[in-house]
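Derivation of every value follows stated rules applied to the coordinates shown; laboratory data play no part. The shown structure was predicted, so the numbers you read here are calculated from the model rather than taken from an experiment. Note: ideal-geometry Cβ built from the backbone for every residue, glycine included; neighbour counts use all protein chains shown.
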Amino acid sequence: MSDIQTARKAVRDMGLRLLETGLVIGTWGNVSVRIGVKVVITPSGADYALLREEDMPVIDLETGAYEGAKPSSEKGLHLEVYRRRKEINAVIHVHSPHAATMAAARKPLPPILDDIAQLIGPGVRVADYALPSTGRIVRKTMRALKGRMAALMANHGAICLGRDLEEAYLCCQVLEKGCKAYIEAEFLGGAKGINYFEAALMHQFFLRKYSRQWKDENPT
Ligand SMILES: [Zn+2]
């Protein structure tokens, strides 16, 4: 994805997809993509079904200035991810049902399934509670994301990262499925986690294999 117009369309389409797949309800949730020093993000409090490509605000990563509609109130978190994690090019924030249950119980998700370990890392932490749209929630969430592609946010929801938008979306799906599996496995006598080191190894392997594939498919 190289230009702003393509990114605006991709962000708008992803907003709709999140709504259709139940990962987002109403206007809670936001999507962004990094294109060089610019970030295309969903606007503040907008109804995804009514959004047009040209409604998507574009923020300058260095100055924080934006063009177009008012950006999502969680833009600070998206920008901080791009500033601190150079490999990340897409961020999706959701309040999906099972991730929200885990966030409400403030329960971290252990690496109970191979896909969680591969894509997200050896477990998903819960960021301490902080009021939405504050500097504090940004700091708490960044700490929980260290070395991971997702984090739960206490009493709020989840954030998923990707080296591209499809990877961030897959991360939301794997996290939601993983939280559901964890809650249900607890009723079956208790979820059993994969050994931490094996989970960490799977994650490293996935990151390297995927980045090689990605480079092969997108030669510069
Ligand atoms: Zn939120």
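Of the residues Ala130, Ile4, Leu188, the one whose Cα sits farthest toward the positive end of the charge dipole of the chain, with +1 on the Cβ of Lys and Arg and -1 on the Cβ of Asp and Glu, is Ala130. Residues whose amide H lies under 5 Å from that of Ala127, counting only those 5 or more places away or on a different chain, are Leu152, Met153, Ala154; hydrogens are built 1.01 Å from N in the peptide plane.
Note on Arg208/Arg84: beta-carbon distance plugged into 1/(1 + (r/R0)^6) with R0 of 30 Å gives a FRET efficiency of 0.90. Between Gln5 and Ala104, the simple label model (points 7 Å from Cα in the Cβ direction) yields a spacing of 4.5 nm. Remark: spin-label model distance Leu61-Glu166 equals 2.2 nm, labels positioned 7 Å along the Cα→Cβ axis. Taking every C-alpha pair closer than 8 Å and separated by at least 6 residues, the mean separation divided by the residue count of the chain gives a relative contact order of 19 percent. The chain has equivalent-ellipsoid semi-axes of 27, 20, 16 Å, by the square roots of 5 times the alpha carbon gyration tensor eigenvalues, sorted largest first.
Scanning the chain for long hydrophobic helices, with DSSP H runs required to stretch 18 angstrom or more by C-alpha along their axis and to average at least 0.5 on the Kyte-Doolittle scale, returns nothing. Of Ala130, Ala168, Ala105, which has the largest mean-square fluctuation in a 10 Å C-alpha GNM of the chain? The residue with the greatest mean-square fluctuation here is Ala105.
Arranged from fewest to most other beta-carbon atoms within 10 Å of their beta carbon, Ile92, Ile194 become Ile194, Ile92. State whether the range 98-193 is rounded, prolate or oblate according to the following rule on the C-alpha gyration tensor (a ≥ b ≥ c being the square roots of its eigenvalues): a/c under 1.5 gives rounded; otherwise a/b larger than b/c gives prolate, and the remaining case gives oblate. Since a/c reaches 1.5 but b/c is at least a/b, the shape of the range 98-193 is classed as oblate. Here r is the Cβ-Cβ distance between Glu54 and Arg17 and R0 is 30 Å; the resulting FRET efficiency, rounded to 0.05, is 0.95. Think of the range 55-109 as a dipole: +1 on every Lys or Arg Cβ, -1 on every Asp or Glu Cβ, centred on the Cα centre; then among Thr101, Gly68, Ile88, Thr101 lies furthest on the positive end.
If I take every Cα pair under 8 Å that is 6 or more residues apart in the range 47-99, average their sequence separation and divide by the length, what percent do I get for the relative contact order? Before the final figure, lay out the partial values.
Numbers: 27 pairs, mean separation 11.1, N = 53.
It comes to 21 percent, rounded to a whole number.
Can you figure out the FRET efficiency of Ile183 with Asp128, using R₀ = 22 Å and their beta-carbon distance, to the nearest 0.05?
On the way: r = 21 Å, r/R0 = 0.97.
So the FRET efficiency works out to roughly 0.55.
Of all aspartates and glutamates in the structure, those lying under 18 Å Cα to Cα from Lys180, and not within fewer than 8 positions of it along the same chain, are Asp114, Asp115.
Summed over qualifying helices (DSSP H, 4 residues or more, each -39500 (n - 2.57)) and divided by its residue number, the chain shows a 222 nm mean residue ellipticity of -14000 deg cm²/dmol.
With charges set only on the Cβ (+1 for Lys and Arg, -1 for Asp and Glu), what does the dipole of the chain come to about its Cα centre, in debye to the nearest 20?
Here the size comes out at about 800 debye.
Considering only the other residues whose Cβ falls under 12 Å of the Cβ of Gly162, what net charge follows from Lys and Arg at +1 and Asp and Glu at -1? Each step should come with its number before you reach the end.
Values: positive: Arg34, Arg85, Arg163; negative: Glu87, Asp164, Glu166, Glu167.
Every neighbour counted, the sum reads -1.
The mean sequence separation of alpha-carbon pairs under 8 Å and at least six residues apart, normalised by the residue count of the range 1-121, gives a relative contact order of 24 percent.
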